[in-house]
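The values are calculated or read from the model by the stated rules, or taken from the named source; none is laboratory data. Given the structure is predicted, the values throughout are model-derived calculations rather than measurements. All Cβ positions, even for glycine, are placed from backbone atoms using ideal geometry, and neighbour counts span all protein chains on display.
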Amino acid sequence: MKAPSFPQLWSRIADRYPRLAEQLRERTLTPDEARSFYDHLGRKLDWHAFYENPALDELIEHLELSQASHVLEFGCGTGRLAEKMFSNLPESARYWGLDISRTMVELTRARLEPFGERAEVHQSDGGPRLRVETGGFDRLVSTYVLDLLSDDDIAAFLEEAHRLLARGGLMGLVSLTHGYTTSAQLLEHLWVGLHRLNPAWVGGCRPLRLLDHLPAGGWKVRYHRVVTSYFVSSEILIAQHA
Ligand SMILES: C[S@@+](CC[C@H](N)C(=O)[O-])C[C@H]1O[C@@H](n2cnc3c(N)ncnc32)[C@H](O)[C@@H]1O
């Protein structure tokens, strides 16, 4: 007898135990779990660069950084993206990084030391509301972070992003997304299965479609593409504060 595929198995579980299936589907890491996970992971986070870099490079290419002056990053990790962005920013531009994990804040601070006072990195409390000035930024970036948040926190973050960005400012997001190739779909099934059993096994991240979360009003989509690298599909979304 042929073994059922993961989606077949999942739909059988969902038919039989609808409440359990709903709870597993919606389960994401709490801020405390995320903090503890990334504090322990530390610089090993950079091992993910092999599949993330093509999407990050494409984001940078379309973010018009040469015209930016105030950049905010939510969930800066080890500072890899920030370091790449600095080589595209004008000399006068400044960067603020936020992360829930103390270890990540320290790694980013160390990495950005050559940029002196142009870079500031702070530990955040994990809530989607950020204690920063309204309209104070012309770029807001967040990569592989929204895929860790619950749907409600994604909505709250996007509302906050609209408050923080000046009119005309650009928000650049990258997230894990649904597989676009057959091999990427197979990997996605495995990934989603692991996430449902225990989100921490996959760093709390699950594939989503960023565009579905973007509110209809207040934003103009400037760039949208899915790239697949090493069987992992990533969605790049750049939206302008309209
Ligand atoms: C998958 S890593 C991505 C890091 C980095 N942006 C990158 O692309 O390599 C997720 C990062 O988001 C941070 N993070 C997770 N939940 C957060 C929250 N609620 N608020 C702020 N940072 C958070 C983690 O500490 C970690 O550094």
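The set of residues in region 120-143 that are part of a loop (DSSP other than H, G, I, E, B) and more than 15 Å from the chain's Cα centre (by Cα) comprises Ser124, Asp125, Arg129, Leu130, Arg131, Val132, Glu133, Thr134, Gly135, Gly136. If the condition is being farther than 14 Å from Leu146 by Cα, touching a helix residue (DSSP H, G or I) at 6+ places or on another chain (Cβ under 7 Å) and not in a helix (DSSP H, G or I), then region 183-222 contributes Pro215, Gly218. You will find that of Glu117, Glu106, Glu113, the residue that is within 16 Å of Val71 (Cα to Cα) and more than 9 Å from the ligand (Cβ to nearest atom) is Glu117 and no other.
Filtering region 126-150 to residues that are of a type in the set (D, E, K, R) and within 14 Å of the ligand (Cβ to nearest atom) leaves Arg129, Arg131, Asp147. Residues that are more than 13 Å from the ligand (Cβ to nearest atom) and of a type in the set (A, V, I, L, M) were ranked within region 89-103; the one that is farthest from Asp46 (Cα to Cα) is Ala93. Note on region 68-85: residues that are at negative phi and in contact (Cβ under 8 Å) with a residue 60 or more places away in the chain amount to 8. The residue that is surrounded by the fewest Cβ atoms within 10 Å (Cβ to Cβ), among those in region 172-207 that are within 29 Å of Val221 (Cα to Cα) and among the polar types (S, T, N, Q), is Thr182. Selection of region 118-148 for residues being at pLDDT below 95, surrounded by fewer than 21 Cβ atoms within 10 Å (Cβ to Cβ) and among the charged types (D, E, K, R) yields Asp125, Arg129, Arg131, Glu133. In the set Leu72, Leu81, Leu29, Leu56, only one residue is part of a loop (DSSP other than H, G, I, E, B) and either of a type outside the set (Val, Ile, Thr) or away from the ligand (no atom under 12 Å from the Cβ) (or both); that residue is Leu29.
Scanning region 165-191 for residues that are within 16 Å of the ligand (Cβ to nearest atom) and out of contact with any Leu (no Cβ under 6 Å at 6 or more places or on another chain) returns Leu176, Thr177, Trp191. Taken together, Leu165, Leu148 contain a single residue that is over 17 Å from His241 (Cα atoms) and not acidic (Asp, Glu), which is Leu148.
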